[in-house]
Every structure is written in structure tokens, then in C-alpha cells.
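Enquirer: First, the structure itself, so that you have it in front of you.
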Amino acid sequence: MFDQLSDKFDAVFKKLRGQGRLTEAHVTEALREVRLVLLEADVNFKVVKDFVAAVQQRAVGSDVLKSLTPAQQVIKIVRDELGRLMGEGEDNALDLAASPPVAIMLCGLQGAGKTTSCGKLALRLRKDKRQPLLVPADVYRPAAIEQLKTLGRQLDIPVFDSAADADPVDICRQAQDYARNHGFDTLILDTAGRLHIDDTLMDELVRIRMALSPREILFVADAMTGQDVVNVVEQFDARLDLSGVILTKLDGDARGGAALSVRAVTGKPIKFVGLGEKMDALEVFHADRMAQRILG
Ligand code: GDP
């Protein structure tokens with residue numbers, strides 16, 4: 001994960017450390033390289049611009065260059081700013097403090113990892129002593145319902161018996177009643193995706209939102225799609241007022257752009273990251289650890 005990004009940062013920092021006396025020009029040159037590294041990693045250009053400006057201001061405007069370890073200080077500033085960019089210090093925990101059953105709605109484009117993430121989330125919640133009910137609400141993709149049922153069987157977590165010809169909003173309502181009557185405290189709604197955003201899908205998601213008032217509406221974003229994902233998150237957010245993002249497939253050779261841009265552009269926190277196809281491959285997102293991982 002982020003190997004390329006790490007290697008490139010490493011090269012820039014090595015050069016910086018290798019300078020005798022560090023001058024403002026050295027820092028400016030290093031930041032020019034940092035800028036290129038981030039753009040190549042597919043980070044949103046405005047995010048890059050703000051990031052470099054913030055580092056430049058802190059590194060040059062203060063006494064950093066006069067300190068005993070100027071290069072180290074500059075690197076630390078880059079690390080700090082990277083963490084800040086990704087929302088370091090913010091509370092990313094799920095907010096499930098409502099009278100049960102609480103609904104968590106997952107949405108996103110087809111293939112992003114919604115169904116997989118529903119299973120992963122259910123497993124995590126059960127470990128936290130909650131009683132989750134998985135709800136397949138994608139009636140368009142053949143086998144989507146069956147896919148969630150299979151996951152439920154593997155995990156031994158109940159899956160609501162959605163009818164493939166029912167309206168997704170009705171399914172969610174019925175699942176809520178079922179949960180209430182059968183002692184489930186958390187509904188995990190697996191909604192339909194599309195290859196591209198379209199109004200019909202959005203309208204349906206908005207109707208589900210209005211019917212169930214989910215406590216969490218999480219956008220499932222495929223990190224492999226780079227910064228394109230940021231535009232899609234923005235559009236979902238405009239209609240659904242997302243509470244956060246699950247960034248999947250970070251185990252692949254994602255260039256890092258999505259992880260670094262989503263929070264800054266949308267203002268929505270990354271709450272979890274998917275790190276594999278297995279059901280335990282879901283981690284709570286920590287911006288500081290991610291920055292550490294990227295900068296080695
Ligand atoms: P959906 O259409 O959004 O429901 O997507 P799926 O959950 O069906 O996932 C699409 C594909 O991505 C499947 O092959 C999953 O196994 C895979 N996938 C999902 N999350 C991850 C992840 O974090 N890492 C990897 N490597 N694969 C994932």
C-alpha cells in the first residue's frame with residue numbers, strides 16, 4: 001500500500017537531509033518535489049496546492065531553518081500536515097447512540113465493495129457486542145441479495161429475507177420492523193450501486209434515508225479509482241449528507257490520491273479502510289498512522 005508514494009517521499013527527504021546548511025531555496029525545491037509526488041499519486045490539485053502552501057508557511061516563516069535539525073523539522077511539518085489533511089485528531093467512531101434499531105446505510109458505486117464492507121462491519125459490530133441484522137436492499141444486481149446471504153451464513157450473522165421484486169424502501173422498512181421485533185439493535189443496509197451516478201438511484205437512496213433516518217450514511221469508495229472518487233463522494237454527499245467514508249482496496253496498489261483527498265475536499269471523515277477481501281480486513285481509520293505509513 002502506498003509503496004510508490006513512500007519511496008518518492010523518501011527520495012525527496014533524503015535529498016533534503018543531505019544538504020549542508022538548509023536554505024529557504026532548498027525547502028522551496030523540496031516542496032516543489034513534494035507537490036509533484038502528490039500530483040502523481042493522484043491527489044486533488046487544490047488539496048496539493050493548499051498542502052504545499054501550509055508546509056511552506058510553517059517551514060520558512062518560523063525559526064525552523066535556524067534550528068539544529070532543520071531537515072528533520074521540515075519533514076515533521078510535512079508529516080503533521082499530511083495527518084491534518086486526513087483528519088487527524090477527529091473522532092471517527094461510529095455514532096450509534098440512538099434508540100435501537102439503529103440503521104447504518106452503505107452506499108456507493110457498483111463494485112466499490114459495499115456488500116463486502118457490510119459483512120465486515122457486521123462482524124466488527126458483533127465483536128462490540130451489538131446484534132446486527134444485514135439487510136440486502138439491492139434488487140437490481142442479480143445475485144446481490146444472495147451474495148449478502150452467503151456472507152451472513154459464513155459469519156453466522158442473520159440476513160433479512162428481502163424479496164427480489166420488492167421496493168427497496170419497503171424492504172428497509174420491513175427489516176426495521178423485523179429488527180424491532182426480533183431483538184436486533186443495528187441494521188446494516190446494503191444499497192444498490194450503479195456504474196455511474198444516476199438520478200433514479202439517488203432518488204431511491206434519498207427515499208431510504210427519509211424512511212429510516214440512518215444514524216450513519218457511509219459512502220464506500222474504491223481507493224483504486226483515484227481522485228475521481230472525490231467527485232463521486234461529493235455528489236452523493238450533496239444528496240444524502242454523508243456521515244463518513246469507507247475507503248476500500250487500500251491493500252492494492254492504490255496510488256493514495258483518494259485517501260489523501262477525500263477528507264480535505266468533502267469535509268467528511270474516512271471512518272474505516274478496507275484492506276482485503278477477507279471479512280476481518282477492515283480497520284478503523286487513523287490519520288496519524290496513515291501519515292506515518294506513507295512517510296515511512
Ligand atoms: P459492491 O458492488 O459495491 O457491493 O462490491 P462488492 O462488495 O461485491 O466488492 C467488489 C469486489 O471487490 C469483490 O471482489 C470484493 O471481494 C472486492 N473487495 C471489496 N473490498 C475489498 C478490499 O478492501 N480489498 C480488496 N482487495 N478487495 C475488496
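The values are calculated or read from the model by the stated rules, or taken from the named source; none is laboratory data. Remember, predicted model here, so these are calculated numbers, not experimental data. Note that each Cβ is placed from the backbone with ideal geometry, even for glycine, and that neighbours are counted across all protein chains shown.
Enquirer: Starting from region 270-282, take each residue that is of a type in the set (K, R) and list its partners that are outside any loop (DSSP other than H, G, I, E, B) and more than 10 Å from the ligand (Cβ to nearest atom), counting only C-beta distances under 6 angstrom and pairs at least six apart or across chains.
Expert: K271/G244
Enquirer: Search region 194-220 for residues being modelled with pLDDT of 95 or more and not in a helix (DSSP H, G or I), and hand back the single one that is nearest to the ligand (Cβ to nearest atom).
Expert: V220
Enquirer: A further question on this structure: If you go through region 155-162 one residue at a time, do you hit one that is modelled with pLDDT of 95 or more and within 13 Å of the ligand (Cβ to nearest atom)?
Expert: No: region 155-162 contains no residue that is modelled with pLDDT of 95 or more and within 13 Å of the ligand (Cβ to nearest atom).
Enquirer: If you don't mind, there's one more thing I want to ask. Taking the condition more than 15 Å from the ligand (Cβ to nearest atom) and acidic (D, E), does D253 pass?
Expert: No, not satisfied.
Enquirer: Select from region 163-181 the residues that are in contact (Cβ under 8 Å) with a residue 24 or more places away in the chain and within 20 Å of R126 (Cβ to Cβ) and list them in ascending order.
Expert: A175, Q176, Y178, A179, R180
Enquirer: Please verify whether region 228-241 includes one or more residues that are closer than 19 Å to K114 by Cβ, in contact with a Ser or Thr (Cβ under 8 Å, 6 or more places away or on another chain) and part of a loop (DSSP other than H, G, I, E, B).
Expert: The answer is no; no qualifying residue exists.
Enquirer: Report, by residue number, each residue of region 256-283 that is within 12 Å of the ligand (Cβ to nearest atom) and farther than 14 Å from G87 by Cβ.
Expert: Correct list: G274, L275, G276, E277, K278, M279, D280, A281, L282, E283.
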